[in-house]
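One structure below.
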Amino acid sequence: MKKSLFGYGKTTKAIAQTLAQKMGTFNIYDDDFKEKNLDEFGNELLPVSAFEPEKSELEIPSPGFPPTHSLIKKARNLQSEYDFFYDIMPKSVWISGTNGKTTTTQMSQHLLAKIGSQMGGNVGTPLALLDPFAKIWILETSSFTLHYTKIAKPEIYALLPISNDHLSWHGSFEKYVKAKLSVLERMNENNVAILPKMYENTPTKAHIISYEDEFDLAKKMEIDLTQISFKAPFLLDALLALSIEKILLDSLSYELLNSFVMEKNKLEEFFDTQNRFWVNDTKATNQAAVMEALKRYQFQKIHLIIGGDDKGVDLSDLFAFMQGLDIKLYAIGVSCEKMIAYAKRFKLNATKCEFLPRAVEEISKKLKVGEVALLSPACASLDQFSSYLERGECFKKSIANL
């Protein structure tokens, strides 16, 4: 019997590379593999059609593999990365939600590194490469991972607000929410879940701390907002990180938190050679994230680049929200025509650009000092780019080439 990995992404590569000698080699199946081959560790790389479920004793999918994939449907011994490593997992904090989970995870690591924490999961290091003897694991946890996880649970689960995202993967918003809340049923009386108030009645044995907004959470956790330098949309991330620290250590390290440096590609602000204001928010891949960005600049004229892979989500709420702003849209990506149709429906001014460099050129013709040019696309990037990172770099390079 063989052990199988589905996909050859960051998660499964780490498993294949670190465990091949300890546990024996894996059979690795990926849509990109057209014929049988071997990697440098002796693992077999096989086309999807070669999978024989009756000869496989274990199947671990890359988190992004959708439930509709033929491999998932055939699998008989499916196990998530989290379940596979649960026996050696130290105490853990899982952080999830639609927007802000990466920042919250990074802030939490920034606060807890002093006690020997390690950060991983959906950001940073795959579980296979984390130290099982670390004091605590802080894991950014996606809805994909939660969907496949049936055994593992954290000591603390911090959940940011949930809004429409990944509907083409999950099939519906209800199933997306169900995945985000699924871990609660496995948590016990010694665990803590920090949840948006609307989910406070979700069945669980864990102690629940619910919050309506940033101010409510600050009040419940006795956190002094005046000592925090971060503002919305990063304020809630900061409050959750501080809440996690307080639960674990009974301390609030305001000065240490304020020294945290935000990663690039999320509301990354800069000026061009003409002193005009540009913002790289390429990581805003859903409408809730874009709304937060628009709120930040709502009193300025906004030139918004929008479009890409919309993941099957209805963006009507976002376009309705934009009706109250002084805004012009520049549509790009595979959803370009759909974005133009939305704009017409909601009577918003929009230009069809198709490609990001052209959108930058079109904005440059109109952008004035005091206005804001914003890449906050509300869509994934894989229709035209290898990642949101490449999209952000293309944006900045296009501005530099003006």
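The values are calculated or read from the model by the stated rules, or taken from the named source; none is laboratory data. As the structure is a prediction and not an experimental result, all values here were calculated from the model. Cβ placement follows ideal geometry from the backbone for every residue including glycine, while neighbour counts extend to all protein chains displayed. The protein model used for the area step is the full one, side chains on, heavy atoms only, and it has no ligands, DNA or RNA in it. Shrake-Rupley method; radii C 1.70, N 1.55, O 1.52, S 1.80 Å.
Out of the residues in segment 276-288 that are at pLDDT below 95 and open to solvent by 20 Å² or more (accessible area, probe 1.4 Å), state the one that is farthest from LYS344 (Cα to Cα). Filtering segment 276-288 for residues that are at pLDDT below 95 and open to solvent by 20 Å² or more (accessible area, probe 1.4 Å), the one farthest from LYS344 (Cα to Cα) comes out as LYS283.
Scan segment 212-231 for residues that are open to solvent by 60 Å² or more (accessible area, probe 1.4 Å) and among the hydrophobic types (A, V, I, L, M, F, W, C) and the total you get is 1. Taken over segment 159-175, the criterion of being within 28 Å of ILE244 (Cβ to Cβ) and small (Gly, Ala, Ser) is satisfied by SER163 alone.
Looking at LYS368, LYS396, can you tell me which residue is part of a loop (DSSP other than H, G, I, E, B), more than 15 Å from MET339 (Cβ to Cβ) and more than 16 Å from the chain's Cα centre (by Cα)? Walk me through it before giving the result.
Details: LYS396 fails: part of a loop (DSSP other than H, G, I, E, B).
On inspection, the qualifying residue turns out to be LYS368.
What do you reckon, is ASP326 open to solvent by less than 60 Å² (accessible area, probe 1.4 Å) and of a type in the set (Asp, Glu)? No: the conditions fail for ASP326. Considering (1) open to solvent by less than 30 Å² (accessible area, probe 1.4 Å); (2) farther than 30 Å from LYS175 by Cβ, the lone condition that GLY307 does not fulfil carries the number (2). Only one entry in ILE247, ILE228, ILE305 is under 21 Å from ALA158 (Cβ atoms), touching a helix residue (DSSP H, G or I) at 6+ places or on another chain (Cβ under 7 Å) and at pLDDT 95 or above, namely ILE228.
All conditions but one from (1) farther than 21 Å from GLU263 by Cβ; (2) part of a helix (DSSP H, G or I) apply to GLN300; the one that does not is (2).
Evaluating LEU139 against the criteria (1) outside any helix (DSSP H, G or I); (2) open to solvent by less than 40 Å² (accessible area, probe 1.4 Å); (3) more than 19 Å from LEU257 (Cα to Cα); (4) touching a strand residue (DSSP E or B) at 6+ places or on another chain (Cβ under 9 Å) leaves one unmet condition, (3). Would you please name the residue that is surrounded by the most Cβ atoms within 10 Å (Cβ to Cβ), looking only at residues in segment 31-65 that are aliphatic (A, V, I, L, M) and under 29 Å from ALA179 (Cβ atoms)? My answer is ILE60.
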